[in-house]
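One structure is given here, and the rest of the page talks about it.
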Amino acid sequence: MHISIFELFSIGLGPSSSHLIGPMKAAKAFCKRLKRADQFYQTDALQVHLYGSLSLTGIGHGTDRAILAGLEGNEPDDFDPADMEMTIDRITQTGCIHLLGDRPIQFHHKESLIFEKEHLSFHSNGLWFKAFDREGKLVSEEIYYSIGGGFIVAEEEREQIARKKLEFPHPFFTFNQLKEECEQKQLTIAELMFLNERAYMSEKEIDMQIDRLWKVMQESVYKGCHTEGVLPGGLDLERRAPKMYRSLISSTDLHELDPAVTLDWINLFALAVNEENAAGGRVVTAPTNGSAGIIPALLHYYQKFVPTYTMKGVREFFLTAGAIGWLYKFNASISGAEAGCQGEVGVASSMGAAGLCAVMGGDVRQIEIAAEIAMEHHLGLPCDPIGGLVQVPCIERNAMGAIHALNAARLALRREDDGFVSLDEVIQTMNEVARDMHDKYKETSKGGLAKFVQLGNKRKIATPIC
């Protein structure tokens, strides 16, 4: 099954696409399912069971809040982040959504291992929704999987998805197939991806959707640069982007003394977006929330430091990056719970390197090299958020991923050979590394920095809201 770039790049809320956006979508989908089956008005109470990293780091990621907002019918792409607290207060205080028992949203860690073994083979991040009538009889139930980037799959849809026919005019499953198709049709990667999108929408609609994504990315950078304060969650981290921004704009002559100050700007753009994400603000999954700062940082670099910047180039960037993101999603994973942070920051860096290489004049061969270099040096990167929050090391890791992508693109543009390692080989390697990686390094906060950094009194332990 192919996917649109507008599924890889989607507008939503921080701090996590798999822990907040996916669960919000799943909750709304379950309510719609009840209505379709004419079971909604029989339902008196709901219960939700969370598994995998949703249970281990779900509270710090706001999963319980997302579920309540989704049950009320909210969608992440148009839900105002400023309304979250008011929405949760209204639900919990008025009881407008009747939840069953003292623990209506249950975070399963080591319990129900039989359930995990039998039902979570598709993906570890499972949500099991149950609806009951007034007598406590089960009316309906459904299992959903939050598979990364805000994507969800219902248990009943698994087989249908596997059998779904390709409908894009230029399908591809490997970079080698993509390259051959581009060569045969004499198309760039962006042109081929554009033709695929045209199968579903008009040229004007494609341009408008990409332009909206770019606008939201610009807004998240601006807001991140102008919002002071401490990030929520208990680590008491002060936002760094505003001070960094003021320092950079007051040192305009620094460019002449130190050309590497450009890197400071890229760092700033990435930090600004990911601080917004950590604060629950509006960001674009690129391809996930945990890696949301990399592509905006590179696009801002392209806008402010590359003389050939155009909006046409921005669209070319998105389309090229989307092709690379699809290859990782189909052949490996973009989920931190499946692949560690190589599946989030690593993939975003690879996508960003490809997009930047394309708009700086790279051909198909050089785009492949850029994407390959960026991932090759992220292989094995764990997802180890301290305190279960998308803050440390996640925020700085986006800055590093953006710089990494810039360097990969520039290295590729200087290459005259075909490269020693293909992108398909590095994606295959990444997938095998993900399978071999211990679960404690996959968004569980049980390994890596999350294990060895002593929080002491730095963190106030988060508790479920219901």
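The values are calculated or read from the model by the stated rules, or taken from the named source; none is laboratory data. In this text the structure is predicted, and so the values were computed from the model without any measurement. Cβ coordinates were reconstructed from backbone atoms using ideal geometry, including for glycine residues, and neighbour counts include every protein chain displayed. Side chains are part of the model used for accessible areas, which takes the heavy atoms of the whole protein and leaves out ligands, DNA and RNA. Shrake-Rupley method; radii C 1.70, N 1.55, O 1.52, S 1.80 Å.
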Test residue 57 against the criterion of being of a type in the set (Ser, Thr, Tyr), modelled with pLDDT of 90 or more and under 17 Å from residue 150 (Cα atoms), and give yes or no. no
Which residues, counting only those in region 1-18, are open to solvent by 10 Å² or more (accessible area, probe 1.4 Å) and in a loop (DSSP other than H, G, I, E, B)? 1, 2, 3, 4, 15
Failed criterion for residue 217 (all others in (1) at pLDDT 95 or above; (2) within 24 Å of the chain's Cα centre (by Cα); (3) not in a helix (DSSP H, G or I) hold): (3)
Return the pairs, sorted by first residue and then second, in which the second residue is surrounded by 19 or more Cβ atoms within 10 Å (Cβ to Cβ) and at pLDDT 95 or above, the first residue lies in region 163-191 and is part of a loop (DSSP other than H, G, I, E, B), the beta carbons are less than 6 Å apart, and the residues are 6+ apart or on different chains. 168/196; 170/192; 170/196; 172/178; 174/424
Mind telling me which of the residues 314, 283 ends up being β-branched (Val, Ile, Thr), over 19 Å from the mean Cα position of the chain (by Cα), under 22 Å from residue 213 (Cβ atoms) and open to solvent by less than 10 Å² (accessible area, probe 1.4 Å)? 314
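Residues checked against (1) assigned to a helix (DSSP H, G or I); (2) among the aromatic types (Phe, Trp, Tyr); (3) within 21 Å of the chain's Cα centre (by Cα); (4) surrounded by fewer than 17 Cβ atoms within 10 Å (Cβ to Cβ):
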site: 375; (1), (2), (3), (4): yes, no, yes, no
site: 395; (1), (2), (3), (4): yes, no, yes, no
site: 401; (1), (2), (3), (4): yes, no, yes, no
site: 404; (1), (2), (3), (4): yes, no, yes, no
site: 408; (1), (2), (3), (4): yes, no, no, no
site: 416; (1), (2), (3), (4): no, no, no, yes
site: 426; (1), (2), (3), (4): yes, no, yes, no
site: 444; (1), (2), (3), (4): no, no, yes, no
Of the conditions (1) farther than 29 Å from residue 348 by Cβ; (2) open to solvent by 20 Å² or more (accessible area, probe 1.4 Å); (3) assigned to a helix (DSSP H, G or I), the single one that residue 29 does not satisfy is (1)
Members of region 167-186 found to be open to solvent by 40 Å² or more (accessible area, probe 1.4 Å) and farther than 19 Å from residue 422 by Cβ, listed by number: 167, 169, 171, 185, 186
Out of 215, 223, which single residue is open to solvent by 90 Å² or more (accessible area, probe 1.4 Å), of a type outside the set (A, V, I, L, M) and in contact with an Asp or Glu (Cβ under 6 Å, 6 or more places away or on another chain)? 223
Against the definition (small (Gly, Ala, Ser), under 18 Å from residue 334 (Cβ atoms), surrounded by 24 or more Cβ atoms within 10 Å (Cβ to Cβ) and in contact with a helix residue (DSSP H, G or I) (Cβ under 7 Å, 6 or more places away or on another chain)), how does residue 380 come out, yes or no? no
Options 191, 238, 228; residue that is exposed (fewer than 14 other Cβ atoms within 10 Å of the Cβ) and out of contact with any Lys or Arg (no Cβ under 8 Å at 6 or more places or on another chain): 238
Residue count, region 329-366 (criterion: closer than 18 Å to residue 311 by Cα and β-branched (Val, Ile, Thr)): 1
